[in-house]
Amino acid sequence: MKTWLLSVQQQLSRQIRDNKLPHALLLSGVSGAGQEDIAHWLVNVLLCQNLITDNDVSIFQPCGHCKTCQLFTNKSYPDHLTIVNDKSTIGVDAIRKLSQFFERTAHIGQAKTAVVNHADTMTISAANALLKTLEEPTSDSYIILTTDSSDTLLPTIISRCQKIEIRPPVGDKLLAEYSKQGDDAFINLSHLNELTDEAAAVAFLAFRDKVEQYLYSGQCRAEILSVLVNHHEGYRWLEKVLVDVMRTQWGWKSKHQQAEPSHVVDKQTLWLIYQLVQKANTKLKTLVQVNRQFLSEKLLVDINAVAKSGM
Ligand SMILES: [Zn+2]
C-alpha cells in the first residue's frame with residue numbers, strides 16, 4: 001500500500017470501529033493517488049469475517065483466509081459489485097444494475113458493497129439514477145465512488161457522500177531521480193503529475209534534455225515544438241526547465257555534477273529567454289483565441305534570436 005494511504009486507512013478503520021462509516025463514500029485524488037487501492041482494501045475489510053487489527057497503526061486488515069476473503073480474492077463474491085467504464089462513460093444501465101443489486105437480499109449475510117470507479121464518467125442519467133440509490137440506502141450497504149476529477153461530478157452526488165481527498169506527497173521516484181542528479185528538488189504541488197505519474201515523469205525528463213540541448217546547441221527544435229503544441233503541460237514544463245537551468249547557473253543548486261553542459265548561454269540571455277516563455281505562457285492562458293502552433297513557432301524563433309545574440 002502506498003505510504004500516504006496509511007492515514008486514510010487509519011481514518012476509515014476508526015470510523016468502522018466507531019460504527020460511523022457512512023453508506024456512501026467518494027474517494028478522490030489525482031490519477032494514481034491510490035483511490036482504487038483504498039476502495040479495494042475497504043471493501044475487503046467490510047466483507048471479511050475475521051478482521052485483523054494491526055495494533056501499531058490501528059488499521060484493519062482482511063484476514064485473507066476466511067470464506068468471504070477467498071471469494072472476494074477470486075472475484076466471485078456474490079454480494080459485491082464493481083462498476084467500471086467499459087466505454088468512455090458509465091451509462092444508466094450499469095447504474096440500474098447497481099440499484100437492483102442493492103435491492104436483492106445478501107447471499108452471504110455480510111455487508112453488500114459496490115464500487116463505481118471513475119464515477120465522474122457517469123452520464124447525466126446514470127448520475128441521476130445513482131442519486132436515487134444514494135438517497136434510499138439499504139441497511140449494511142456501502143457504495144464507494146472513486147474519481148480523479150471530482151469537479152465534474154454532480155454536486156448533489158458529492159453532497160450525499162463522505163468525501164475523502166487523497167493527497168500524495170512528492171513522488172518517491174522523481175525525488176530519487178532529482179537527488180541522483182544533485183538537484184535540490186525544487187518541488188511543489190503544481191508538479192504533482194510528474195511526481196506521481198511515472199510516464200509523465202519520464203516525458204518531462206526527456207523534454208528537459210531536449211531543451212538543454214536546444215539551448216546549448218540549437219538542436220531538437222522540432223521535438224520541442226511538438227511538445228509545446230501538443231502537450232497540455234508543455235509551456236509549464238519549459239518554464240520549469242528554464243528555472244532549473246538558471247538556478248544551476250547561479251549556483252543555487254547544492255551540488256550538480258555531470259550532465260551539465262560546460263559552455264552555456266549566459267545568465268542575462270537565459271533570463272531574457274525565460275521572460276519570453278513566461279509572456280507566451282500568459283498569452284496562452286489569458287487569450288481565448290490563440291493559435292498554439294503559431295505562438296509556439298514564434299516563441300522558438302524569438303528564443304533563437306536572443307540565444308544567438310547572447311553567444
Ligand atoms: Zn477474511
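Which of the three applies to segment 28-96, rounded, prolate or oblate, going by the alpha-carbon gyration tensor with a ≥ b ≥ c and a/c under 1.5 meaning rounded? Before the final figure, lay out each step's value.
Values: a/c = 3.14, a/b = 1.48, b/c = 2.12.
It comes out oblate by the Cα gyration axes.
Treating only the Cβ of Lys, Arg, Asp and Glu as charged (+1, +1, -1, -1), what charge dipole size does segment 3-165 show about its Cα centre? Round to the nearest 20 debye. Numbers along the way, then the final one.
Values: 13 positive and 16 negative charges, 79 e Å.
Rounded to the nearest 20 debye, it is 380 debye.
Short version: ³J(HN,Hα) in whole Hz for each residue of segment 280-297, in order, from phi by Karplus 6.51 cos²θ - 1.76 cosθ + 1.60 (θ = phi - 60°), x for Gly and Pro, what are they?
5, 5, 4, 4, 4, 7, 9, 8, 6, 9, 10, 8, 5, 4, 5, 4, 5, 5
By how many nm would the segment from L154 to V57 grow when fully extended, if each residue of separation counts as 0.36 nm and the alpha-carbon distance is taken off?
On the way: separation 97, 0.36 × 97 = 34.92 nm, distance 3.51 nm.
Length gained, L154 through V57: 31.4 nm.
Within segment 3-165, what percent of beta bridges assigned by DSSP are antiparallel, to the nearest 5? Could you put the intermediate results ahead of the total?
On the way: 3 of 22 bridges.
Bridges in segment 3-165 that DSSP calls antiparallel: roughly 15 percent.
Report the extension gain between M1 and Q15 in nm, rounded to one decimal, defined as 0.36 nm multiplied by the number of residues separating them, less their alpha carbon distance.
3.1 nm
If you consider only alpha-carbon coordinates, what radius of gyration and Dmax does segment 3-165 have, in Å?
15.1, 45
Exposure proxy check: C161, C63, C220 ranked by fewest other beta carbons within 10 Å? Intermediate results must be reported in sequence, preceding the final value.
On the way: C161 21, C63 14, C220 18.
The fewest-first ordering by Cβ neighbours comes to C63, C220, C161.
Rank the residues S139, S58 as a footprinting-exposure proxy: fewest other Cβ atoms within 10 Å of their Cβ go first. If you can, show how the numbers build up before the last one.
Numbers: S139 8, S58 14.
Taking fewest neighbouring Cβ atoms as first place, the list is S139, S58.
Taking 0.36 nm per intervening residue step and subtracting the Cα-Cα distance, what contour gain separates K279 from D302 on full extension?
Working: separation 23, 0.36 × 23 = 8.28 nm, distance 1.15 nm.
Result: 7.1 nm gained on full extension.
Give me L26, L5, L154 sorted ascending by neighbouring Cβ count inside 10 Å, so fewest comes first.
Details: L26 23, L5 19, L154 16.
Ordered from fewest to most neighbouring Cβ atoms within 10 Å, L26, L5, L154 come out as L154, L5, L26.
Could you check the simple spin-label distance between S309 and D209, using points 7 Å along Cα→Cβ, in nm with one decimal?
3.3
Every read-out reported here was derived from the displayed coordinates using simple, explicitly stated rules and does not represent laboratory data. All values reported here derive from a predicted model rather than from experimental measurement. All Cβ positions, glycine included, derive from the backbone under ideal geometry; neighbour counts span all protein chains shown.
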